[in-house]
Structure formats: structure tokens, C-alpha cells
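In what follows, a structure is listed as C-alpha cells, so that the remarks can point back to it.
Only the coordinates and a few stated rules stand behind these numbers; no lab work does. Small disclaimer: the values here were computed from a predicted structure and weren't measured. FYI the Cβ positions are ideal-geometry reconstructions off the backbone, even for glycines, and counts take in every protein chain you see.
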């Protein structure tokens, strides 16, 4: 798994064992960042929920983000995120929260420009978490939310002011992009 763009392009990232995460493929990562380059107006502050290895947040930092918060439940994955951030020399631009995504959404109070959600495909609660985020302090005026998910738990097209702006499909991975109405 490598950083595919920006100042850390080509850097190999350490990945947790496969039983802990499902890594985002390079094709899906390329698609996500291609969509973001055409839809997200600001990349200053990024939140990477279900961060795994930290690949999506690190990719954003490598490109143009000023700050990234990483949220991951697994202590082993949190240690790997720290290792990867240090490897790409971006540790000073990030904070790692080793807790569940729902717990982090309850206590984080920053506005984010981009929120990445890449939960386990077996997690049926993604829609509920998205509804919670829609009513949280995490959303700024132009927040873009990127969700990687399987189609077995379909998401709604609207969540209290968030609407589905784009959706792409790559194998069993769906990328859903949500934006606010403002």
C-alpha cells in the first residue's frame, strides 16, 4: 500500500493484518481523490473515521490538507497510523484518537472540510452514524463526506441536510459522496 499523490507520493505504508482491516485499493483511492479534486473546495481539516492504516487521511495530508484527525478502535492500528505518519513526516499535522467512531463523533467539536468513513463492510450502523454526523458540530459550511461501503447495507440519499452528491461503484466497493445543502 503506497501514497499515490502529493509530496509523500510513492511512500510505502505499513498495513495492519488483513483480519483487522480491509485496505482501500489503489483504484478506489484514485477514484476518491479524483472526485474530491473536482468537488471539495477546501481541504484544510480532515477527519478519517475507521482509519485502519491511516491511508486516506495520510493521502489527504500528502496532497493539501493542513490537519488530519484519525479515529480507529484498534490499538494495534493506532500504532500503525502513528508509524505511517512518522514515515511520511506528517506526524506534527495529525492527532490519533484510539476509540470507536461513534464515541469520537460524540466528543469531537471541530468543523471538518472532508470526512472519510471506511467502516468494515459488515457494519450495519453506518447510516445511523451518518445521521448523527449530520446533526453534529463536525460539519462546516462546505463539508464533504466520503463513505466506502458495500451495497449490502444501502445508505439513504439524504440525512438531515446532507445529500448524496455522487456515487461510484468499483467491484464490491461503493463510494458515496455526501455534501450539505449550503
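Inter-part distance, the range 93-127 to the range 32-57, computed on C-alpha centroids, equals 12 Å. Against the chain, whose longest principal axis comes from its Cα atoms, helix 26-39 is set at around 60 degrees. In the chain, the DSSP-assigned H stretches of four residues or longer account for a calculated mean residue ellipticity at 222 nm of -8500 deg cm²/dmol, using -39500 (n - 2.57) per stretch and the full residue count as denominator.
Comparing mean-square fluctuations of 171, 57, 127 from a GNM of the chain with C-alpha springs under 10 Å, the top value falls on 171.
The GNM of the chain, with springs linking C-alpha atoms under 10 angstrom apart, assigns the highest mean-square fluctuation among 75, 63, 45 to 75. Entry note: the chain has Rg to Rh equal to 0.92, where both radii use alpha-carbon atoms and Rh is the Kirkwood radius.
Extension gain, residue 125-residue 169: 0.36 nm per intervening residue step, less the Cα-Cα distance, totals 13.8 nm.
What percent antiparallel are the DSSP beta bridges of the chain, to the nearest 5? In the chain, DSSP labels about 50 percent of beta bridges as antiparallel.
Sorted fewest first by neighbouring Cβ atoms within 10 angstrom, 121, 170 come out as 170, 121.
Helix 75-87 and the longest principal axis of the C-alpha atoms of the chain enclose an angle of approximately 60°.
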